[in-house]
1. When the residues of segment B:90-106 are narrowed to those that are of a type in the set (A, V, I, L, M, F, W, C) and at the interface with another protein chain (Cβ under 9 Å from one of its Cβ atoms), which ends up nearest to B:LEU51 (Cα to Cα)?
2. Can you name the residue in segment B:45-82 that is within 14 Å of chain A (Cβ to nearest Cβ) and outside any loop (DSSP other than H, G, I, E, B) and is also nearest to A:LEU90 (Cα to Cα) among such residues?
3. Just name the residue that is modelled with the lowest pLDDT out of those in segment B:83-110 that are out of contact with any Phe, Trp or Tyr (no Cβ under 9 Å at 6 or more places or on another chain) and in a loop (DSSP other than H, G, I, E, B).
4. When you look at A:SER24, is it buried (at least 21 other Cβ atoms within 10 Å of the Cβ), touching a residue at least 40 places away in the same chain (Cβ under 8 Å) and out of contact with any Asp or Glu (no Cβ under 9 Å at 6 or more places or on another chain), yes or no?
5. Quick one: which strands (runs of 3 or more DSSP E) lie wholly within segment A:36-102 and hold at least 2 residues that are farther than 21 Å from B:ILE47 by Cα, within 9 Å of chain B (Cβ to nearest Cβ) and in contact with a strand residue (DSSP E or B) (Cβ under 7 Å, 6 or more places away or on another chain)?
6. Can you tell me which residue among B:LEU80, B:LEU75 is farther than 18 Å from B:HIS24 by Cα, of a type in the set (A, V, I, L, M, F, W, C) and touching a helix residue (DSSP H, G or I) at 6+ places or on another chain (Cβ under 7 Å)?
7. Would you check which residues across segment B:1-19 are touching a Ser or Thr at 6+ places or on another chain (Cβ under 8 Å), surrounded by 15 or more Cβ atoms within 10 Å (Cβ to Cβ) and farther than 15 Å from B:ALA84 by Cα and list them?
8. Scan segment B:20-42 for residues that are surrounded by fewer than 20 Cβ atoms within 10 Å (Cβ to Cβ), closer than 29 Å to A:GLY3 by Cβ and free of Cβ contacts under 8 Å to residues at least 60 places away in the same chain and report the count.
Amino acid sequence: DAGVTQSPTHLIKTRGQQVTLRCSPKSGHDTVSWYQQALGQGPQFIFQYYEEEERQRGNFPDRFSGHQFPNYSSELNVNALLLGDSALYLCASSLPTVKNIQYFGAGTRLSVL
Amino acid sequence: DAKTTQPPSMDCAEGRAANLPCNHSTISGNEYVYWYRQIHSQGPQYIIHGLKNNETNEMASLIITEDRKSSTLILPHATLRDTAVYYCIVRAPNDYKLSFGAGTTVTVRA
């Protein structure tokens, strides 16, 4: 049973560019959340997708957008990259239950130069 | 906007129990306590969660005080592979996000 998979594992971009990160949820899960983790800090919630809609959003600018596909996989898009966007981007999947146990992928390491 | 307080770091001897404290004095009646850990260069890993009662699974035990203002995660027999940052998180049922604080860096020593 595959867990949460993310691609690519590493990415280098320059300021002003756009980036797309991809996530496949754990088998049977239909809810996907994205987090940003700066070096030395805990993960920060970006947004959650359920039924192809953004259900909740954290305190991130509109440059951060996402999409969920009918097969429950998801993309995170970041436009107009800033140096401060350099971070580990984590995807988590879950079932839409009260328990909301989220299972995380290994992340995509984004470096903005 | 983390609602929990944890010590920044702690050491533990291999084979001994590790007791990780967490304060959540402003917890509401319907909020759950979750524990995750993050081993270096990996994504966070779910450990356990609870509402009021103590909980145990194959990884750990969670002890929640009667007033629910604090809890303790117990790793019964720590191994070197348990070295990680441990996060205590409080979450309401209608809040879909996990709010991570700085966590406790646990180092298990041989």
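The values are calculated or read from the model by the stated rules, or taken from the named source; none is laboratory data. Keep in mind that this is a model prediction, so the values were computed, not measured. Please note: Cβ atoms are built from the backbone with ideal geometry, for glycine as well, and neighbour counts cover all protein chains shown.
1. By that ranking, first place goes to B:LEU98.
2. Step by step, filter segment B:45-82, then rank; the result is B:GLN45.
3. Among those residues, the one meeting the criterion is B:ASN94.
4. yes
5. On the way: elements: A:44-50, A:53-57, A:64-68, A:74-78, A:87-94.
Fully inside segment A:36-102 and qualifying: A:44-50, A:53-57.
6. Sole residue among the options that is farther than 18 Å from B:HIS24 by Cα, of a type in the set (A, V, I, L, M, F, W, C) and touching a helix residue (DSSP H, G or I) at 6+ places or on another chain (Cβ under 7 Å): B:LEU75.
7. B:ALA2, B:LYS3
8. 4
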